[in-house]
Amino acid sequence: MADRLTYFSYTDVASDSDCHLAFLETLRDDGVLILKDVPASRERTEEIAGLVGRLHLTNYGIFELESKPKPEIAGDMAIALELHTDEPYRIEIPAITFFHVLKQSDAGGDSTMADGLWLAKRLEEKNPRAFEILKTVKARHNRTLKEGRAFDVQAPIFPTDSYGRVTGLRINDRGMAPVDCPVDLVEPFYDALRELLEMIYSGEGRVTVKLQEGEMMVFNNQRLLHGREGFDPARSHRHVRSCHVDLDEFHSRLRVAYRARGRLEAWRHMSSMAHL
């Protein structure tokens, strides 16, 4: 992924329809890109995300990622965060995600990422049985929040589309409950999960980038794992705003762009997103 991490100018994407289409296609195909020259103003986050579609708000709303004296979730801390996908405990997990950098820490706070499709393919090559188990056995993901919200869903680590093709992954080791499956699959499931987590923790396929003020990382949370290196909040402040747009909005924006160019075949035969 490092050799194809694509940067776009926000000004160009916002003002040039061809550049905007390339932006959407890159997001569909690669699962991640970085916008440069983004206004480092909190009032502009929703406007910039509007390049993809209307916001899909969860209970977090537009979320402020910054270290807090009394943190309630890991994102409020300054500790390193291992690679994960956000909110896998929802039936429909957040899709297109925006990390708008308003203030970057002087040292640390680098963003990490890994392509879930690459990890799935790598696991399939190394251990086809483990890959098949994580594609078919439903893991249990849950989260209970202080404000009286409780989420719990059972879904495979590797989700598939209607053709059985893997489209990404759903994993956050901080929100996994004991698996509920036939007893003869319990040990094979955890063996397969351990092998995948060892790949993730060892850094296979990991890319690290230091996002700067005035940049925005845009990615498909249903495909890309992301994390963060730790930083010292006593030395510098780090502030990132995060929000989401769902896939229906994204696909609508892409189809409208194709229709405006008379590319009806691209519209009709457009694959939903990249897949194995």
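Looking at residue 175, is it touching a strand residue (DSSP E or B) at 6+ places or on another chain (Cβ under 9 Å) and in the same structural domain as residue 28 (by TED's automatic domain parsing)?
Working: touching a strand residue (DSSP E or B) at 6+ places or on another chain (Cβ under 9 Å): yes; in the same structural domain as residue 28 (by TED's automatic domain parsing): no.
Criteria not met by residue 175.
For the range 232-253, what are the residues that are surrounded by fewer than 22 Cβ atoms within 10 Å (Cβ to Cβ), of a type in the set (A, V, I, L, M, F, W, C) and touching a residue at least 60 places away in the same chain (Cβ under 8 Å)?
247, 250
Going residue by residue through the range 102-114, is there one that turns out to be closer than 26 Å to residue 156 by Cα, in contact with a strand residue (DSSP E or B) (Cβ under 7 Å, 6 or more places away or on another chain) and of a type in the set (D, E, K, R)?
no
Can you tell me which condition residue 164 does not meet? The list is (1) under 20 Å from the mean Cα position of the chain (by Cα); (2) at positive phi, and all the others hold.
Checking residue 164 against (1) under 20 Å from the mean Cα position of the chain (by Cα); (2) at positive phi, the one that fails is (1).
Starting from the range 149-160, take each residue that is within 17 Å of residue 275 (Cβ to Cβ) and list its partners that are of a type in the set (Gly, Ala, Ser), counting only C-beta distances under 7 angstrom and pairs at least six apart or across chains.
155/139; 156/139; 157/139; 158/120; 159/168
Among the residues of the range 178-191, are any under 19 Å from residue 84 (Cβ atoms), at pLDDT 90 or above and touching a Ser or Thr at 6+ places or on another chain (Cβ under 8 Å)? Steps first, answer last, please.
Just the residues of the range 178-191 that are under 19 Å from residue 84 (Cβ atoms), to begin with: 178-179, 189-190.
From what's left, at pLDDT 90 or above: 178-179, 189-190.
Okay, now just the ones that are also touching a Ser or Thr at 6+ places or on another chain (Cβ under 8 Å), so none.
Among the residues of the range 178-191, not one is under 19 Å from residue 84 (Cβ atoms), at pLDDT 90 or above and touching a Ser or Thr at 6+ places or on another chain (Cβ under 8 Å), which makes the answer no.
Quick one: count up the residues across the range 137-161 that are assigned to a loop (DSSP other than H, G, I, E, B), buried (at least 17 other Cβ atoms within 10 Å of the Cβ) and under 19 Å from the mean Cα position of the chain (by Cα). Steps first, answer last, please.
Here is the first cut: in the range 137-161, the ones assigned to a loop (DSSP other than H, G, I, E, B) are 137, 146-148, 157-159, 161.
Add one more test, that the residue is buried (at least 17 other Cβ atoms within 10 Å of the Cβ), and what stays is 137, 157-159.
Adding the requirement that they be under 19 Å from the mean Cα position of the chain (by Cα) leaves 157-159.
Total meeting the criteria: 3.
Looking at the range 174-208, which of its residues are under 15 Å from the mean Cα position of the chain (by Cα) and either loosely packed, with under 15 Cβ neighbours inside 10 Å or aromatic (Phe, Trp, Tyr) (or both)?
Scanning the range 174-208 gives a single hit, 208.
Among the strands (runs of 3 or more DSSP E) contained in the range 1-70, which hold 1 or more residues that are in contact with a Leu (Cβ under 7 Å, 6 or more places away or on another chain)?
Details: elements: 7-9, 32-36, 63-65.
Because the criterion is at least 1 residues that are in contact with a Leu (Cβ under 7 Å, 6 or more places away or on another chain), the strands (runs of 3 or more DSSP E) in the range 1-70 that meet it are 7-9, 32-36.
Touching a residue at least 12 places away in the same chain (Cβ under 8 Å), farther than 28 Å from residue 118 by Cα and either surrounded by fewer than 19 Cβ atoms within 10 Å (Cβ to Cβ) or within 16 Å of the chain's Cα centre (by Cα) (or both), is that true of residue 213?
Numbers: touching a residue at least 12 places away in the same chain (Cβ under 8 Å): yes; farther than 28 Å from residue 118 by Cα: yes; either surrounded by fewer than 19 Cβ atoms within 10 Å (Cβ to Cβ) or within 16 Å of the chain's Cα centre (by Cα) (or both): yes.
Answer is yes for this residue.
Could you look through the range 31-59, keep only residues that are touching a Ser or Thr at 6+ places or on another chain (Cβ under 8 Å) and farther than 18 Å from residue 248 by Cα, and pick out the one that is surrounded by the most Cβ atoms within 10 Å (Cβ to Cβ)? If you could, list the steps in order and put the result at the bottom.
Pass one, the range 31-59, residues touching a Ser or Thr at 6+ places or on another chain (Cβ under 8 Å): 33-37, 53.
After this cut, where a residue has to be farther than 18 Å from residue 248 by Cα as well, the list is 33-37.
Values: 33: 21, 34: 20, 35: 23, 36: 15, 37: 15.
Among those residues, the one meeting the criterion is 35.
So that you can scan it fast, the table gives a plain yes or no per residue for (1) assigned to a loop (DSSP other than H, G, I, E, B); (2) of a type outside the set (D, E, K, R):
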| position | (1), (2) |
| --- | --- |
| 181 | yes, yes |
| 190 | no, yes |
| 204 | yes, no |
| 213 | yes, no |
| 248 | no, no |
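State all residues of the range 41-69 that are small (Gly, Ala, Ser), closer than 15 Å to residue 243 by Cα and more than 15 Å from the chain's Cα centre (by Cα); if no residue qualifies, say none. Steps first, answer last, please.
Step one: of the range 41-69, the residues small (Gly, Ala, Ser) are 41, 49-50, 53, 61, 67.
Now drop any that are not closer than 15 Å to residue 243 by Cα, which leaves 41, 49-50, 53, 61.
Result: 41, 50, 53, 61.
Restricting attention to the range 105-136, which residues are surrounded by fewer than 19 Cβ atoms within 10 Å (Cβ to Cβ) and part of a strand (DSSP E or B)? Lay out the reasoning, then the answer.
At the first step, the residues of the range 105-136 found to be surrounded by fewer than 19 Cβ atoms within 10 Å (Cβ to Cβ) are 106-108, 110, 112, 118, 121-122, 124-129, 132, 136.
Those that are surrounded by fewer than 19 Cβ atoms within 10 Å (Cβ to Cβ) and part of a strand (DSSP E or B): 108, 112.
Could you say which residue among 197, 224 is outside the structural domain of residue 23 (by TED's automatic domain parsing) and in contact (Cβ under 8 Å) with a residue 24 or more places away in the chain?
Numbers: 224 fails: outside the structural domain of residue 23 (by TED's automatic domain parsing).
Residue meeting the stated conditions: 197.
Residues being of a type in the set (Asp, Glu) and farther than 23 Å from residue 223 by Cα: count how many of those fall in the range 6-32.
To start, the set of residues in the range 6-32 that are of a type in the set (Asp, Glu) comprises 12, 16, 18, 25, 29-30.
Retained after the next criterion (residues that are farther than 23 Å from residue 223 by Cα): 12, 16, 18.
Number of matching residues: 3.
The values are calculated or read from the model by the stated rules, or taken from the named source; none is laboratory data. Please read these numbers as outputs of a predicted model, since none were measured by experiment. Quick reminder, even Gly has a Cβ in these numbers, built from the backbone with ideal geometry, and neighbours come from all protein chains shown.
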